[in-house]
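Report on the structure given below.
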Amino acid sequence: GERDVPTRELARRAGRGARSAVGLYGFSQGGLLIEGGKWSPEAISPLVARADVPPQWRFVLMRPRGAVGLSGAEERQGFAQLSPMPATTTDRLCRLALLQLVPAVIEADFEHCAEALSEFGRLVGEYFAPIQGGVYADPQMRELAERLHARGIRGLCQSSWGPTLFALCPDVVAAQSLVNEISTESGSTNLELTIAEPLNRGATVEIVD
């Protein structure tokens with residue numbers, strides 16, 4: 001019978017947000033989200049920055065059909081095997097996120113946003129490389145990323161544990177051109193390619209009586 005219960009409180013009651021709260025804030029707000037990390041194991045990470053992503057930008061999602069990344073017990077085991085992230089890496093990621101990525105999104109500066117995303121993805125991938133076998137988890141996607149980087153495609157990152165990659169594009173025309181280009185390459189028949197637009201609002205829940 002309760003109404004207007006804050007998302008963080010609902011997450012706390014349901015045992016969600018154990019590692020990250022990005023999904024919680026994405027559900028309630030959408031947009032580009034930067035969380036602040038956990039102060040204690042039982043805490044829900046605070047949201048420290050949010051910005052609307054320019055609506056004309058697009059993301060090209062690339063994944064091998066039927067492939068999945070680590071989750072559940074395998075994901076917990078993967079985290080347990082990793083050494084703590086070096087402070088120098090954490091500091092660089094924070095600077096990229098707060099002083100480059102967020103301002104670039106607010107100013108609709110595609111070039112600087114793409115550059116920040118590429119470096120952020122590379123640094124995170126290097127940290128997870130001992131578990132996933134490299135900066136990118138899937139060998140096929142690793143080869144695809146190398147080809148795209150060689151062509152000057154920036155704003156290319158892996159989503160979570162992969163195998164999905166995403167590339168930021170300045171508009172739908174550029175996104176469709178990239179999809180067409182990838183589709184014509186040999187070995188791309190098993191790839192699922194999706195063009196996604198930014199969602200700058202939270203989820204809509206409809207209760208039907």
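Mind running the shape call on the range 87-146? Use the C-alpha gyration tensor, a ≥ b ≥ c as the square roots of the eigenvalues: rounded below 1.5 for a/c, prolate if a/b tops b/c, oblate otherwise. Oblate.
At the residue level, THR184 shows approximately 120 square angstrom of accessible surface with a 1.4 angstrom probe and all protein chains present. Using a probe radius of 1.4 angstrom, the carbon and sulfur fraction of the accessible surface of the range 118-197 is 53%. Using a probe radius of 1.4 angstrom, the carbon and sulfur fraction of the accessible surface of the range 1-79 is 53%. For a modelled paramagnetic label at GLN29, 7 Å from Cα along Cα-to-Cβ, the residues of the range 93-128 in reach, with backbone nitrogen under 15 Å, are 98, 102-103, 106. Using the Cβ-Cβ distance between LYS38 and ASP91 with R0 set to 25 Å, the FRET efficiency works out to roughly 0.90.
In a DSSP loop and with at most 13 other Cβ atoms within 10 Å, the GluC sites (Glu not before Pro) in the range 63-140 are GLU107. Take the Cα of SER188, step 7 Å toward its Cβ, do the same at HIS112, and the gap between the two points is 3.2 nm.
Sparsely packed loop sites in the range 164-209 (the GluC sites (Glu not before Pro) outside DSSP H, G, I, E and B with at most 12 other Cβ atoms within 10 Å) comprise GLU185, GLU206. Taking all protein chains into account, the per residue accessible area for the chain stands at 59 Å² (1.4 Å probe).
The values are calculated or read from the model by the stated rules, or taken from the named source; none is laboratory data. None of these values were measured; they are calculated from a predicted model. Neighbour counts are summed over all protein chains in view; Cβ atoms, including those assigned to glycine, are modelled from backbone coordinates with ideal geometry. Accessible surface is based on the protein model in full, side chains and every heavy atom, while ligands, DNA and RNA are left aside. Shrake-Rupley method; radii C 1.70, N 1.55, O 1.52, S 1.80 Å.
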